Structures are given as structure tokens and as C-alpha cells.
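Bear in mind these aren't lab numbers, they're just calculated from the coordinates by the rules spelled out. All figures in this text were calculated on a predicted structure; none of them were measured in a lab. In this analysis, Cβ positions are derived from the backbone assuming ideal geometry, glycine residues included, and neighbour counts consider all displayed protein chains.
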Amino acid sequence: MNKAAAESDLKAMQDEMSDVRRVIDELDDELVALLAKRQRQIERAAKVKPALGIPARVPDRVDEVLARVLGAARREGLSVEVAMNLWTAVIEWSIQYEERLMGDRAPKGE
């Protein structure tokens, strides 16, 4: 391969990498927006749950969410390990956030 062709190939790979990074950045922005929407629903739940006597942590609901997410991960070709780790962290953070928002109004759970 001559020098001009090698430089052209290198430039094409650099352009491809720039495009990959641009798309990842866009996807990260979308993920942040979706997680912010999810957080707002946690805030809504923290307002409603005390009146219904529902604690922040409802083990059956945690299991239901994880099962649904893992099914979606399988359908979409996302690593089940990644989905499990991410959603476990999101769920645990959400429960702690709900408990903070509910304060002493938080019903005691299992």
C-alpha cells in the first residue's frame, strides 16, 4: 500500500471514530433525559405512596421491574449482565431517593 492510500485509510478510520464518538455523545444525552424523566416519576411516587401506605421498597415491584428490564435487554441484544447491574443501581438509588423525599411520612416496608 502506498503512503497516500495509507493516509487515506487512516483519515477514514479517524472520521469513523469521530462519528462513533458523536453518536455515543448523542445517546448519552438521550439516556440522561430519560433518566431525568424516570426521576420525576420517582418524585411523583414519593408524594402518593405515603397516603396509600406503600413503602419506598416493595420487593415484588423490584422483582417485576428487573424481570421486565431483563426481558427487554434480551430482545434488544443488550448484555443481561449490564442491564442487571445498571437497573439494580438505578432501583436502589430510586428507593433511597424516595425514602429521603418521604422523610418521616415513609411507611415502613419489609
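Any chance you could give the angle, 0 to 90 degrees and rounded to 10, that helix 80-102 forms with the longest Cα principal axis of the chain? For helix 80-102, the angle is close to 40 degrees. Given points 7 Å out from each Cα along the Cα-Cβ axis, report the E7 to V62 separation in nanometres with one decimal. My value for the distance between the label points is 6.0 nm. Ranked by the mean number of other Cβ atoms within 10 Å per residue, highest first, peptides 87-97, 67-77 order as 87-97, 67-77.
With respect to the chain, whose longest principal axis is taken over its alpha-carbon atoms, helix 3-52 is tilted by about 10°. Take the Cα of R100, go 7 Å toward its beta carbon, and the backbone nitrogen atoms of the range 50-80 under 18 Å from that spot belong to 56-57.
Pairs of Lys residues in the chain are counted when their Cα atoms are under 26 angstrom apart and they lie 8 or more places apart or on different chains; the count is 5.
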